[in-house]
Structure formats: structure tokens, C-alpha cells
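A quick write-up on the structure given underneath.
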Amino acid sequence: MAYATGVTLASRSIFPICSRTLLSPLRVASILESSSSTIFFTRVRVHQLFSTSRAPLFSSVKCSTGNQAASRPNVVDILEERGLLESITSENLRSACSDPDVAPLKVYCGFDPTAESLHLGNLLGIIVLSWFQRCGHQAVGLIGGATGRVGDPSGKSLERPELDSLTLEKNIAGIKTSSSYVIFNNYDWWKDMTMLDFLKNVGRFARVGPMMAKESVKKRLESEQGMSYTEFTYQLLQGYDFVHLLDKEGVNVQIGGSDQWDRRSCLRANVPLLLKNDGTKFGKSEDGAIWLSPSMLSPYKFYQYFFSVPDVDVIRFLKTLTFLSLDEIKMLEDEMRKPGFVHGEEGLKEAMKATEALRPGAETKLDWNLIERIAEDIPTCSLAIDKVSGVSIVDVSVSAGLFESKSAARRMLKQGGVYMNNERVDDENLRVEEDDIVEGKGLVLSSGKKNKVVIRIS
């Protein structure tokens with residue numbers, strides 16, 4: 001079943017999501033509680049946000065919007081059903097999601113521009129934002145142009161390397177191009193704030209005790225490296241972002257790391273870490289982070305990462321990382337529990353034949369019918385004949401997306417890990433000839449045992 005479920009996870013769900021858009025524990029922090037009953041959400045004050053009081057910050061606010069929420073599904077219920085929500089600190093958020101008298105919510109999630117692309121660690125935040133959007137609410141992305149200059153200490157044993165302005169701008173531009181949401185940059189409101197303004201308008205309302213009690217702070221203070229004052233203030237910058245977005249943009253729901261707010265600071269709902277069945281973090285490969293941008297990680301390698309997810313994790317990941325209906329997922333789960341191969345003995349024989357035929361080094365001669373049968377299950381690309389015939393194997397493999405660069409292709413060639421139509425290629429200067437193109441229609445390139453791509457001649 002690893003084959004069948006891997007295809008489902010990789011090609012029917014995860015891959016389309018990340019080709020259209022921008023893991024830590026997540027929380028949805030709602031600003032839906034106030035003592036006011038006016039039509040709009042009341043303005044939050046900084047001292048309320050950083051108050052040590054356990055009393056709710058706001059009560060639910062009614063909006064004269066008719067029955068606009070009558071047809072909206074309750075996103076909190078959906079997130080809970082799919083395992084994306086562990087708990088909420090107030091039922092007002094759930095109520096607001098289904099109350100026809102409450103206007104659609106505006107929800108944001110923040111991303112620090114530490115690289116030119118977001119990575120798999122950001123995917124849960126994107127998924128939760130997308131569910132809010134699908135349920136009729138407005139999704140907002142916040143890029144940490146200011147907080148990225150400081151660095152989030154959460155989950156880090158060392159202070160993050162400082163990024164210069166040019167690098168930050170480049171990273172911000174890269175992230176913006178991959179987003180379908182309204183985007184704000186917190187540098188826009190932090191760049192003109194002086195130190196004295198910060199101390200007066202933010203610092204005076206923050207209590208040091210709760211800030212010191214945060215788990216991320218305690219761990220760093222107990223370590224040999226300690227913690228700089230710069231990192232210590234990160235939580236204040238992030239907290240004020242919430243204030244600004246509520247005050248200026250009417251944003252009233254936040255998605256973010258559960259350790260980024262003190263327990264008494266605001267309302268939130270915790271979402272568990274996305275882990276593999278063995279308890280390790282999901283989202284890392286041998287080569288490092290799994291980037292969402294194709295410029296940082298080829299679609300082929302991204303696909304392969306999800307294709308190889310073990311069966312034991314598939315159903316849980318289908319619920320949390322895809323938009324497949326729970327009924328569809330239940331059908332897949334039921335099929336996985338049946339004995340034998342899902343497609344019967346004939347299907348099993350065909351799958352085994354295809355697997356053997358595509359095994360690098362196999363003696364089975366490939367024909368185009370066999371390649372066509374497996375082409376839907378592995379990455380495929382189309383290249384013009386003049387981009388293949390007479391072209392070096394290095395250039396063709398890069399054009400097909402098998403490797404990210406020519407140097408990577410040459411390294412693998414030297415290691416003896418590149419195959420064309422199952423035959424090992426030892427010469428990096430080899431050029432693809434017309435005889436190498438199976439029946440004049442295409443060929444198969446492989447890197448190692450798992451990574452393959454079918455090239456169709458267009």
C-alpha cells in the first residue's frame with residue numbers, strides 16, 4: 001500500500017497545494033472578546049495585550065451584516081475534525097465562526113523572511129489560513145521584515161545569524177511572489193519607531209516575569225550561550241504586530257507558534273506538532289529543509305519526499321495537510337486495511353512488472369507502452385526533440401528537473417548513480433542519441449533507485 005497511498009498523498013493533494021501558495025505548534029489567537037457591543041471590534045490597548053490578568057481581552061462583538069455567515073461552515077469544527085486544532089481558550093471563536101450576525105473574520109499568520117522561500121515547517125500555518133479562507137473568512141500573510149532582523153529564539157539553541165538588508169529584501173520578494181493572500185510587512189510600522197517610542201508605547205506595559213517564564217526563554221537562559229537582549233525583545237515586537245493589525249486593519253484572529261505568547265496574554269488555540277509516527281519532526285530531508293518554492297527545491301524532489309511517506313503516517317497527513325474530504329480519506333483508510341493488494345492479483349503483477357522494468361540496471365528492455373503505464377505515477381515532463389537528441393546527458397537531466405544544477409548532475413554521474421532507460425551512464429560527456437529515445441516518443445532518466453523522470457518528446 002505504500003505505493004498507492006504515496007501517490008495519493010503526493011500527487012492528489014500536497015503537490016497542488018504548494019504549487020499554488022506560500023510546524024511548530026500553531027495557535028489561533030482570537031480577538032473576539034470585548035466589553036463593547038458596538039458594530040466594530042474595539043481598539044485593543046497595548047497594556048491589555050501584555051496584561052497578566054487571566055480575564056478575556058474582548059467579548060464577542062455583533063456586526064450588523066445580515067445572514068452572511070448563515071452558509072459559512074464552522075472552520076473551528078473543521079480544524080478540530082482534521083486534527084489541526086488541539087484546544088481553544090474561548091468558545092467565542094467557535095461561536096463567531098457560525099454566528100450569522102458576526103462578520104467574516106480576518107486571520108493572519110506571520111512568516112519571518114529567513115530564506116527566499118517558505119519551507120515545509122510553514123505549511124501548517126498556510127493550511128489553517130486556507131481553511132479560514134475556504135470558509136468565507138479573509139486570510140492575511142504577515143512578512144516579518146522587522147522581526148526577521150531580530151530572529152525568533154523559539155526552538156533555537158543559538159542566536160540566528162544576522163541578515164543584511166539586501167538579503168532580507170531578496171527573501172521578502174521571493175516569499176511575496178508565492179502568496180495568494182493579502183500581504184503586510186511589519187517593517188512598514190517598525191522602521192520609524194524610535195527606541196524611546198518603543199519603551200513608552202510597548203515596553204512599559206510588558207511584565208518581565210511572564211516574559212522570563214516562556215519556555216523558549218528559560219531554555220536559552222539555562223544554556224551556555226545564554227540569550228541576547230535583542231532576542232528577548234522578539235516577543236514584544238510580535239505582540240505589537242497583533243496590536244497594529246487589529247487597530248489599523250481590523251485583523252482579529254492570529255495563527256502562530258504556541259510559545260510565542262504568554263499563557264495569560266491573549267486567547268489562542270493550540271495545534272500539535274506535525275510529527276512522524278516515530279516522534280521525529282516531519283519536514284526535513286537528508287539535504288536539509290523541504291522548500292515550497294520550485295526555485296529552491298525542484299518539484300520532482302518535493303514530490304518524491306511526499307511519495308515516500310510510510311503508510312502509518314499517510315492518513316493523518318491526508319487530514320492535516322490536504323483538502324481531501326474526510327469521506328474520501330475514510331475510503332482510502334478502509335482500502336488500506338483490506339488484505340492483499342488493492343487492485344487485485346492482476347494489478348499486483350502489473351505493478352511488480354513495472355517496478356522491475358524500471359529498476360536501474362534491470363535487463364528488461366523498456367517499451368513505450370510500459371513507460372506510458374507508469375508515467376502517471378512518476379514525474380513527467382515534455383521536451384522538444386532538439387532539447388534532447390544530440391544534447392549532453394547533463395543538460396537533459398537538468399532540463400527535465402532530475403537535478404537542480406549541472407554540478408549536481410556531474411557529481412551523481414561520477415558516483416555511478418545516473419541511468420538512462422535503466423542503463424548506467426558513466427560518461428558525463430555522453431550525448432542522447434535518437435536511438436536512446438524509446439520508439440521515438442521518450443525516455444526515462446534515473447538518479448539512484450528512487451528518483452526518476454519520464455521525458456516525453458513534444
message = Among the listed residues Gly148, Gly174, identify the single one that is under 22 Å from Tyr234 (Cβ atoms) and assigned to a helix (DSSP H, G or I).
response = Gly148
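Here's the yes/no breakdown for (1) open to solvent by 60 Å² or more (accessible area, probe 1.4 Å); (2) modelled with pLDDT under 50:
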| residue | (1), (2) |
| --- | --- |
| Phe40 | yes, yes |
| Ser51 | no, yes |
| Val76 | no, no |
| Leu84 | no, no |
query = How many residues are of a type outside the set (S, T, N, Q), in a loop (DSSP other than H, G, I, E, B) and out of contact with any Ser or Thr (no Cβ under 9 Å at 6 or more places or on another chain) if we restrict to the stretch 228-260?
reply = 2
request  = Could you please let me know if Thr230 is under 26 Å from Gly141 (Cβ atoms) and open to solvent by less than 100 Å² (accessible area, probe 1.4 Å)?
outcome  = yes
key: Elements of type helices (runs of 4 or more DSSP H) contained in the stretch 281-351, each with 1 or more residues being modelled with pLDDT of 85 or more and not basic (Lys, Arg)   = 311-321, 326-337
key: Answer from Ala103, Ala146, Ala139 - the residue that is buried (at least 20 other Cβ atoms within 10 Å of the Cβ), out of contact with any Ser or Thr (no Cβ under 9 Å at 6 or more places or on another chain) and modelled with pLDDT of 85 or more   = Ala146
inquiry  = Within the stretch 423-449, take every residue that is within 17 Å of Arg411 (Cα to Cα) and assigned to a loop (DSSP other than H, G, I, E, B) and give me the one that is most open to solvent (accessible area, probe 1.4 Å).
reply    = Lys449
ask   = Hey, any hits in the stretch 392-410 for a residue that's more than 32 Å from the chain's Cα centre (by Cα) and either assigned to a helix (DSSP H, G or I) or more than 18 Å from Lys450 (Cα to Cα) (or both)?
value = yes
key: Condition check for Glu159: open to solvent by 30 Å² or more (accessible area, probe 1.4 Å), part of a loop (DSSP other than H, G, I, E, B) and on the phi < 0 side of the Ramachandran plot   = yes
remark   = Reported set for the stretch 195-248 where residues are β-branched (Val, Ile, Thr) and under 24 Å from Phe111 (Cα atoms) is Val202, Val217, Thr230, Thr233, Val243
task = Being farther than 19 Å from Ser298 by Cβ, among the small types (Gly, Ala, Ser) and open to solvent by 10 Å² or more (accessible area, probe 1.4 Å) narrows it down to one of Ala384, Ala408, Ala400, so name that one.
result = Ala384
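The values are calculated or read from the model by the stated rules, or taken from the named source; none is laboratory data. All values derive from a computational prediction rather than experimental measurement. Don't worry about glycine lacking a Cβ; one is built from the backbone with ideal geometry, like all the others, and counts go over all protein chains shown. Areas reflect the complete protein model, heavy atoms only, side chains present, ligands, DNA and RNA absent. Shrake-Rupley method; radii C 1.70, N 1.55, O 1.52, S 1.80 Å.
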